[in-house]
1. For the range 154-165, enumerate the residues that are in contact (Cβ under 8 Å) with a residue 60 or more places away in the chain and either more than 11 Å from the chain's Cα centre (by Cα) or over 26 Å from ASN36 (Cβ atoms) (or both).
2. Does the range 198-220 hold any residues that are modelled with pLDDT under 90 and either in contact with a Ser or Thr (Cβ under 8 Å, 6 or more places away or on another chain) or in a helix (DSSP H, G or I) (or both), and which are they?
3. Does the range 3-22 hold any residues that are crowded, with 20+ Cβ neighbours inside 10 Å and in contact (Cβ under 8 Å) with a residue 60 or more places away in the chain, and which are they?
4. If you go through the range 221-229 one residue at a time, do you hit one that is outside any strand (DSSP E or B), open to solvent by less than 60 Å² (accessible area, probe 1.4 Å) and of a type in the set (Gly, Ala, Ser)?
5. Checking the conditions here, which among ARG195, ARG203 is touching a strand residue (DSSP E or B) at 6+ places or on another chain (Cβ under 9 Å), over 22 Å from ARG148 (Cα atoms) and open to solvent by 10 Å² or more (accessible area, probe 1.4 Å)?
6. One residue is enough: does the range 31-45 have a residue meeting the conditions at positive phi, open to solvent by 20 Å² or more (accessible area, probe 1.4 Å) and without any contact (Cβ under 8 Å) to a residue 12 or more places away in the chain?
7. In the range 71-91, what count of residues is obtained for those that are closer than 24 Å to LEU178 by Cα, out of contact with any His (no Cβ under 8 Å at 6 or more places or on another chain) and not in a loop (DSSP other than H, G, I, E, B)?
8. Can you find a residue that is surrounded by fewer than 21 Cβ atoms within 10 Å (Cβ to Cβ) and at pLDDT 85 or above anywhere in the range 161-173?
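The values are calculated or read from the model by the stated rules, or taken from the named source; none is laboratory data. All values derive from a computational prediction rather than experimental measurement. Cβ: placed from backbone, ideal geometry, glycine included. Neighbour counts: every protein chain shown. Note: accessible area is taken over every heavy atom of the protein model, side chains too, but ligands, DNA and RNA are not part of it. Shrake-Rupley method; radii C 1.70, N 1.55, O 1.52, S 1.80 Å.
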Amino acid sequence: MILEIKSLETGYGKLRVLQGVSIEVGTESVGLFGPNGAGKTTLINTVMGMGKPWKGSILFDGREINGLATHEVARAGIALVPQERELFPGMSVADNLELGAAYIPHAKGIMARQLELVLELFPILKERYRQLAGTMSGGQQRQVAIGRALMANPKLLILDEPSLGLQPSIVAEVFDKLKELKKSVAILVTEQNVRESLRSIDRGYVLENGSVVIQGSAEELQGNPHVISSYLGI
């Protein structure tokens, strides 16, 4: 397994948010679903070193990463695409992409190779290579953010609500790209748009009130009565 989260408990102050959560990500694409407040972003923040586990463990590539600083987690091989993209709007697409590898030692030497892969995956970024990132559409900025994360040559790519704020046609395009990406990098994606997510993932977990309540393959989740009624709107 690339990522193993075992019996994770954490929260803020005295408020417990995650209650014994266990999930695994191998060489595959895994979805994490649930309503607002379920604990999805808290889980990601804890993996990335932006929150501390109260109990349980987080193993990445066989190594315990509990308590590592965020930059240490990134250098270990985990890249995050946050909800708000967090690009540098006054800088070009080229400069934003290069920053993805600038502070990752193992990525510096292969920056040209990774850039070629990113521009092949997202042709629009090649066309807009010198354009200021802040002048691009929301969907294009999302592609820049994913491309920047891939420049770090991660073993695990985490995406937090990649469809947030995007129009439906662009959402479909983003998830089509995720289907391509899972061939070369392990993926953990949190998403409110469960219907689109299930098209691109291999397995998934449903998180409610800080606990995993359902897990299974994409096909099993698509046929689960609770998932159908609560998340697919059928």
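1. PRO154, LYS155, LEU164
2. Scanning the range 198-220 gives a single hit, SER200.
3. Those that are crowded, with 20+ Cβ neighbours inside 10 Å and in contact (Cβ under 8 Å) with a residue 60 or more places away in the chain: LEU3, VAL17, LEU18, VAL21.
4. Yes, the range 221-229 contains a residue that is outside any strand (DSSP E or B), open to solvent by less than 60 Å² (accessible area, probe 1.4 Å) and of a type in the set (Gly, Ala, Ser).
5. One residue alone meets the criteria, ARG203.
6. Yes: one or more hits.
7. Here the count works out to 7.
8. yes
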